[in-house]
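This report refers to the structure that appears directly beneath it.
The values are calculated or read from the model by the stated rules, or taken from the named source; none is laboratory data. Since the structure is predicted, the reported quantities are computational estimates derived from the model, not experimental observations. Cβ sites come from the backbone with ideal geometry, for glycine too, and all protein chains shown count toward neighbours.
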């Protein structure tokens with residue numbers, strides 16, 4: 001059920017070494033970067049996790065390409081490089097894609113983006129991240145990136161305080177909450193923890209930081225939640241936790257822990273609530289940017305995209321299972337309510 005739009009105008013994401021072989025290799029650096037001289041330009045895609053857990057996002061990326069005239073397997077090839085829990089693999093994977101002379105290198109997540117930037121200063125890079133790209137050193141400015149890197153900033157850390165406020169509105173009697181972060185994604189984790197602890201202080205919440213970078217560590221985090229009787233959970237908005245959302249949702253239900261997530265995929269998969277920019281839109285925009293670059297535009301002149309809309313999604317089925325009555329004023333703010 002669609003509710004009134006909740007709009008936010010913003011001024012202007014076991015180790016597997018190299019899990020997927022390159023789908024295709026460019027003939028030369030010249031043909032890889034110039035689709036006019038290459039029958040099939042190649043896009044390199046660097047992403048944490050496994051393809052199966054990110055199928056819908058990859059579909060959105062391919063849709064962005066298709067809207068600009070590029071169809072995977074027909075007039076463009078996508079060379080995917082995947083890892084799972086392998087934070088030390090980014091440089092190797094980025095280097096593999098650069099050596100294959102892809103025309104564009106797409107990097108989802110702050111670590112992949114930094115690795116891509118370090119690997120090349122000539123091949124265009126399109127990122128999908130949740131941290132300030134200027135602060136990370138990826139671009140000179142949002143309006144004029146200035147180098148070979150541009151992309152989409154989904155402002156995840158900037159929404160931390162708002163997410164925590166929504167969680168508190170859902171469970172107003174909670175006094176002890178947890179924030180789950182992946183320490184291997186240091187920049188996102190530090191920003192999330194800093195914002196969450198500041199917001200929690202003003203709300204009168206005791207905040208416990210829990211670290212998890214693997215599926216087993218997620219299990220262990222929920223054992224801590226149970227043992228310390230933590231009453232609510234804030235899940236960091238990063239690609240790894242999105243890929244593990246089914247595990248997180250099942251554990252939250254099993255341990256009766258109200259949780260808020262960064263993207264609508266969580267409540268659509270049975271989670272309680274999410275607040276954030278649409279990941280699908282971000283990947284679609286990244287696809288559109290990759291297509292524009294293949295057609296000859298320079299990333300130096302392509303402004304970093306930031307979302308115009310942030311969505312609050314509430315799953316009433318999940319709330320009922322947890323024995324939570326969602327306040328009417330919170331329901332009134334929701335863009336979508338799953339019943």
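Those residues that are surrounded by fewer than 19 Cβ atoms within 10 Å (Cβ to Cβ), within 18 Å of the chain's Cα centre (by Cα) and at pLDDT 95 or above, I need them from region 189-230; list them, please.
Within region 189-230, 211 is the sole residue that qualifies.
Please count how many residues of region 255-267 are within 16 Å of the chain's Cα centre (by Cα) and either modelled with pLDDT under 95 or farther than 12 Å from residue 337 by Cα (or both).
First, pick out the residues of region 255-267 that are within 16 Å of the chain's Cα centre (by Cα): 260-267.
Checking which are either modelled with pLDDT under 95 or farther than 12 Å from residue 337 by Cα (or both) leaves us with 260-266.
Of the residues in region 255-267, 7 are within 16 Å of the chain's Cα centre (by Cα) and either modelled with pLDDT under 95 or farther than 12 Å from residue 337 by Cα (or both).
Quick check on region 300-322: of everything there that is assigned to a loop (DSSP other than H, G, I, E, B) and at pLDDT 95 or above, which residue is farthest from residue 266 (Cα to Cα)?
The initial filter retains those residues of region 300-322 that are assigned to a loop (DSSP other than H, G, I, E, B), namely 302-304, 306-308.
Now drop any that are not at pLDDT 95 or above, which leaves 302-304.
Numbers: 302: 31, 303: 29, 304: 26 Å.
Applying the filter and picking the extreme gives 302.
Looking at region 327-334, is at least one residue within 30 Å of residue 123 (Cα to Cα) and crowded, with 23+ Cβ neighbours inside 10 Å? Walk me through it before giving the result.
Of region 327-334, the ones within 30 Å of residue 123 (Cα to Cα) are none.
No, every residue in region 327-334 fails to be within 30 Å of residue 123 (Cα to Cα) and crowded, with 23+ Cβ neighbours inside 10 Å.
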